[in-house]
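Read the structure below first, then the notes.
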2 protein chains.
Amino acid sequence: MKKSFLREAFFIFYHIALFEFFVVYPKIKILAYLCHMQLKNDLLLRAAKGEPVERTPVWLMRQAGRILPEYRAVRDSVSGFIELAQTPDLAAEVTIQPVDILGVDAAIIFSDILVIPEAMGLPYEMVEKRGPYFPNTIQSERDLKKLKIANGSHDLKYVIDAILITKRALNGRVPLIGFAGAPWTIFAYMIEGSGSKTFSKARAMLYTHPKLSHQLLQMITESTINYLKAQINAGVNLVQIFDSWAGILPPNHYDEFSLRYISQICDAITEVPKTVFAKGAFFAREKMGALNCETIGLDWNMGIAESRNMIGPNKTLQGNLDPAALYGNANEVEAATIAMLDQFKGTRHIANLGHGVYPDIDPEMVKVFVNTVKNYR
Amino acid sequence: MKKSFLREAFFIFYHIALFEFFVVYPKIKILAYLCHMQLKNDLLLRAAKGEPVERTPVWLMRQAGRILPEYRAVRDSVSGFIELAQTPDLAAEVTIQPVDILGVDAAIIFSDILVIPEAMGLPYEMVEKRGPYFPNTIQSERDLKKLKIANGSHDLKYVIDAILITKRALNGRVPLIGFAGAPWTIFAYMIEGSGSKTFSKARAMLYTHPKLSHQLLQMITESTINYLKAQINAGVNLVQIFDSWAGILPPNHYDEFSLRYISQICDAITEVPKTVFAKGAFFAREKMGALNCETIGLDWNMGIAESRNMIGPNKTLQGNLDPAALYGNANEVEAATIAMLDQFKGTRHIANLGHGVYPDIDPEMVKVFVNTVKNYR
């Protein structure tokens, strides 16, 4: 009886092992292959990591936006920006458009940095020609209690779905960039309730309620880490952190209320290369050189040689043509692009503008910019 | 007959000489004394020139503004900002208010940088809560032909009258600061037609029409020199040039389209000390050290030690407390002010905020700022 039981057990184990080896394991391999599919163009990732590249990769901040008639057509088919961002099929479509039309070396998922406050419990509206508006803002400890730390894959499922669809449709042509706002920039909107020239309410909060400020910034940071991890699980190949309102803080506040949290995010994300773009934070360049990230974005005010000197040789720099340079004619755009490339030559570089492309730029001039980078040696 | 004629001529000449010496000359002396009246408090001027001072002088950008209920009362008595600026008695009244109420070491004439485009033939309106608006803008050579170079004392008589009234009423208590916008900033409004986050139309003009841009900038520069000279003739003791939109130009464009014209103004004004405040032009600090001016204003993003290092020891630095620091309580404002003063200690300094005081700041906190500077040794 005992012997027969052992034989039975061995027999079952043997068949399970056979099944695992010949059926399950190959499926896992295929799945893994599909997930981490070999990219046909991985210039962006190699440039970010400082590996050799045949030429400088190029993409544009806000490339999936109002410059393209094809984008405007899709957007006009829905009620507005927010519905577009929340409809995965359409978000995927406008994400891929610039890859097809402009020939850029990366797609960036079409979304908004303000999805995080919404996922934390603070919804926003997008007012035509005025920008984002939050009906409720955070002013006190009590307001803070109404918020939760966002769970990336559940609370922001529509972004994750858009990433899955985009990855499938891109079929490995170029890398897909994921992104989030930096905690300070998200905080600024959550306190201020809208865009602002000075964000004086948000800045006042740092002076009058530093403890509350740190609590909220920590909650945003954890939500952002969850969100970026979910994006990475869905297949993004690189993440960028946008600190759009970096430049309105004095240097000591920037260290305390922004860089500290960006640093937490950089340390938490280990799966893909990370880019940090802190617009206007010229005073923080030296400290950004010490962040645990691969790439630092430069705005068009930041001198290239000076920035390289401050940031050091161990980061890729991204940028930084003046977006207004694209108002020139083809010869002028080409000349300005080459002048920029010359300054980065021989160093780790990803070509881009120093800020988002302006909505009234002629797409043909964007193509001149992209092609000039691609033809540059 | 000939002898009698000579005697007659001598007699007339003798009496004219007597009259000149005893009647005209003393009157000129008295007038000159009244005009260049000894200031009771000339700390600002000595600090600007790098002469010894007993303590650091202090004033605030936008001190004659919305923070004071007394200002709002005067403003509510007229149709709006523009009428207030164009009514010399009232402009003088609100110019002096902060001297009486806040105890600052200087008055700054209540006016607007946009009086220059108006005097050149491009009028503007001030739209409540939206800012300035120009019904017409400059887009072409033809538009340029409609403009003239402003004559300071004639085309801007209301400002000159306000200065004369203010000087009389101040009675030498503190210096009076005159001002104008920097040519680039004025240009930006004349092209764009209103305030803007990016001034992308104005920046496009630099790329697409550099020659036209230089022509307009030169006309603005000459108008500004005329205007500042007229202000100085009317009695202002120091002039400040505001380049509010310096920070949106890339460094090479800033050199070519802004600093070049500021430099012309600095060279042309030799009568009084000059202050240049170029907000956001962190990249231009080294070159600003070479300007023919006495004082450079720093915004709150600019590190003090770093700026001193870049600008050199031969300029007075003005600034640069974060305007949002005044949202704190009295202890916090005092501490922040002292921390700022400590960093400037032992160097040429005029205390101020890093930008204009925000309109919702409690005037009591402004007094704490002012008194902290005055009590600091």
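All of the numbers you see were taken from the coordinates with simple rules; none came from a lab. Only a predicted model underlies this, so the values are computations on that prediction, with no experimental measurement involved. Positions of Cβ are backbone-derived with ideal geometry, glycine not excepted, and every protein chain shown enters the neighbour counts.
For the protein assembly as shown, build the charge dipole from Cβ charges (+1 Lys, Arg; -1 Asp, Glu) around the Cα centre, then report which of B:Ala305, A:Leu341, A:Pro210 sits farthest towards its positive end.
B:Ala305
Which is farthest toward the positive dipole end of chain A among A:Phe282, A:Leu228, A:Ile96, measuring Cα position about the Cα centre, with Cβ charges +1 (Lys, Arg) and -1 (Asp, Glu)?
Sorting the options by dipole projection puts first A:Leu228.
Hey, with R₀ at 41 Å, roughly what FRET efficiency would B:Asn41 and A:Ala290 work out to, going by the Cβ-Cβ distance, to 0.05?
0.30
Just flag the trypsin sites (Lys or Arg not before Pro) in region A:120-208 sitting in loop per DSSP whose Cβ has no more than 10 other Cβ atoms within 10 Å.
Details: sites: A:Lys129, A:Arg130, A:Arg142, A:Lys145, A:Lys146, A:Lys148, A:Lys157, A:Lys167, A:Arg168, A:Arg173, A:Lys197, A:Lys201, A:Arg203; in loops: A:Lys129, A:Arg130, A:Lys146, A:Lys148, A:Arg173, A:Lys197.
When the trypsin sites (Lys or Arg not before Pro) of region A:120-208 are filtered for loop state and at most 10 Cβ neighbours within 10 Å, A:Lys129, A:Arg130, A:Lys197 remain.
Which percent of the Cα-Cα distances in region A:230-269 go past 12 Å? Don't jump to the answer; show the numbers that get you there.
On the way: 507 of 780 pairs.
Taking all Cα-Cα pairs of region A:230-269, the fraction more than 12 Å apart is 65 percent.
Which lysines, if any, have their Cα less than 30 Å from the Cα of B:Lys40, not counting same-chain residues under 8 positions apart?
Leaving aside lysines fewer than 8 places away in the same chain, those within reach of B:Lys40 are B:Lys27, B:Lys29, B:Lys49, B:Lys157, B:Lys167, B:Lys229, B:Lys274, B:Lys315, B:Lys345, B:Lys367, B:Lys374.
Taking the simple approach of a point 7 Å from Cα along Cα-to-Cβ for both A:Ser79 and B:Arg66, what is their distance in nm?
3.3 nm
Taking each label point as 7 Å beyond Cα in the direction of the beta carbon, state the distances from A:Pro313 to the same residue in the other copies, shortest first, in nm.
Distances between equivalent label points, in nm: 3.5.
Which residues among region B:79-104 fall inside the zone where the amide N is under 15 Å from a point 7 Å beyond the Cα of B:Arg173, along Cα→Cβ?
Under 15 Å, as judged by backbone N against the label point of B:Arg173, lie B:92-104 of region B:79-104.
Run down the lysines and flag those whose C-alpha is under 20 Å from the C-alpha of A:Lys129, throwing out any fewer than 8 positions away in its chain.
Straight-line reach from A:Lys129, under 20 Å: A:Lys197, B:Lys129, B:Lys197, B:Lys201.
List, shortest first and in nm to one decimal, how far the label point of B:Phe19 (7 Å from Cα along Cα→Cβ) is from its counterparts in the other copies.
12.8
What's the magnitude of the charge dipole for region B:208-341 around its Cα centre, counting Lys and Arg as +1 and Asp and Glu as -1 at the beta-carbon? Answer in Debye, nearest 20.
Magnitude of the dipole: close to 300 debye.
Compute the distance from the alpha-carbon center of region A:242-272 to that of region B:114-140, in whole Å.
Taking the Cα centre of each part, region A:242-272 and region B:114-140 sit 39 Å apart.
What FRET efficiency comes out for B:Lys49 versus B:Asn375 if R0 is 22 angstrom and r is the Cβ-Cβ distance? Round to the nearest 0.05.
Numbers: r = 24 Å, r/R0 = 1.08.
After rounding, the FRET efficiency stands at 0.40.
Can you give me the C-alpha center-to-center distance between region A:33-97 and region A:192-211, rounded to a whole angstrom?
Computed from Cα coordinates, the inter-centre distance equals 32 Å.
Label-point separation (nm) for B:Ala330 and B:Glu8, each offset 7 Å from Cα along Cα-to-Cβ?
8.1 nm
For helix B:330-344, what angle does its Cα long axis make with the longest principal axis of chain B, in degrees from 0 to 90 and rounded to 10?
70 degrees
Using Cβ contacts closer than 10 Å as the measure, can you line up A:Asp161, B:Asp322, A:Asp362 from fewest to most?
By the 10 Å Cβ count, ascending: A:Asp362, A:Asp161, B:Asp322.
With axes computed from alpha carbons, what is the tilt in degrees of helix A:157-170 against the longest principal axis of chain A, rounded to the nearest 10 within 0 to 90?
Its long axis makes an angle of about 80 degrees.
Assuming R0 = 30 Å, what is the FRET efficiency of B:Val127 and B:Lys148, from their Cβ-Cβ distance, to the nearest 0.05?
Values: r = 26 Å, r/R0 = 0.86.
Given R0 = 30 Å and the Cβ-Cβ separation, E is 0.70.
If you add up the charges near B:Asp360, with Lys and Arg at +1 and Asp and Glu at -1, over every other residue whose beta carbon is less than 10 angstrom from its beta carbon, what do you get?
My count for the surroundings of B:Asp360 gives +1.
For the protein assembly as shown, take every pair of Cα atoms, bin their distances at 10 Å starting from 0, and report each bin as a whole percent.
It works out to 3, 13, 21, 23, 17, 11, 5, 3, 2, 2, 1, 0, 0, 0, 0, 0, 0, in whole percents.
Helix A:25-35 sits at what angle to the longest principal axis of chain A, using alpha carbons and giving 0 to 90 degrees rounded to 10?
That helix lies at roughly 10 degrees to the long axis.
Going by how many other beta carbons lie within 10 Å of each one, how would you line up A:Met340, A:Met205, fewest first?
A:Met205, A:Met340
Counting helices only, and only those DSSP H runs with n ≥ 4, report the 222 nm mean residue ellipticity of the protein assembly as shown as the sum of -39,500 (n - 2.57) divided by its residues, in deg cm²/dmol to the nearest 500.
Rounded to the nearest 500, the figure is -14500 deg cm²/dmol.
So how strong a dipole does chain A carry about its Cα centre when Lys and Arg Cβ are +1 and Asp and Glu Cβ are -1, to the nearest 20 debye?
1080 debye
How compact and how long is region B:43-375, expressed as Rg and Dmax of its alpha-carbon atoms in Å?
Taking only Cα atoms of region B:43-375, I get Rg and Dmax of 18.8, 57 Å.
Take every residue in peptide B:197-203, count the Cβ atoms of other chains within 10 Å of its Cβ, and give the average of those counts.
4
Treating only the Cβ atoms of Lys and Arg (+1) and Asp and Glu (-1) as charged, compute the dipole magnitude of the protein assembly as shown about its Cα centre; round to the nearest 20 debye.
Dipole about the Cα centre, nearest 20: 960 debye.
Under the definition of Cα pairs under 8 Å and six or more residues apart, what whole-number percent is the relative contact order of chain B?
19 percent
Cut-off is 10 Å between beta-carbons; in what order do B:His355, B:His154, A:His214 appear when sorted fewest neighbours first?
B:His154, A:His214, B:His355
Along Cα→Cβ at 7 Å, what distances in nm separate the A:Thr208 label point from those on the other copies, shortest first?
Relative to the other copies, A:Thr208 has label-point distances of 4.4 nm.
Which one, B:Phe11, A:Ile160, A:Leu45, is farthest towards the positive end of the dipole of the protein assembly as shown when Lys and Arg carry +1 and Asp and Glu -1 on their Cβ?
Value computed over the given set: A:Leu45.
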